[in-house]
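S.K.: So that we are looking at the same thing, I have put the structure below in C-alpha cells.
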Amino acid sequence: FYFMAREHACCLSDIVLRRSNLGSAEQPPAEIIATIANLMAAEFGWDAARRQAEIDALEAIYQPLRGGTG
C-alpha cells in the first residue's frame with residue numbers, strides 16, 4: 001500500500017486526510033474507511049481494538065461537520 005510504504009503514513013486519518021484526497025470534501029463511505037483500516041491493520045499488526053480506535057478517531061474529526069457534539 002503506497003501511502004504506508006512510500007510516505008510512511010502510520011494512522012488512518014493520515015491517509016484519509018493528508019496523504020490522499022479521499023477525505024478532503026467529506027467523510028468517505030464507511031466501506032472505504034473499513035478497507036483502508038483493514039489494510040493498515042494487516043500491515044502494522046493492529047488488533048481489532050486498535051483498528052476500531054483508528055476508525056473512531058477519524059470519525060471524531062468529521063463529527064463537528066455533521067453538527068454533532070460527540
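S.K.: Between E43 and Y2, what is 0.36 nm times their sequence separation minus the Cα-Cα distance? Round to one decimal in nm.
M.R.: Numbers: separation 41, 0.36 × 41 = 14.76 nm, distance 1.15 nm.
Full extension from E43 to Y2 adds 13.6 nm.
S.K.: Please give, to one decimal in nm, the separation of the simple spin-label points placed at Y62 and S20, each 7 Å out from Cα toward the Cβ.
M.R.: Roughly 1.3 nm, to one decimal.
S.K.: Would you mind calculating the relative contact order of the stretch 1-58 from Cα pairs under 8 angstrom and at least 6 residues apart, reporting the percent as a whole number?
M.R.: Numbers: 35 pairs, mean separation 20.5, N = 58.
The value is 35 percent.
Bear in mind that the values in this text are calculations on the coordinates, not laboratory data. These numbers come from a predicted model, not from an experiment. As a convention, Cβ positions derive from the backbone with ideal geometry for all residues, glycine included, and neighbour counts pool all protein chains shown.
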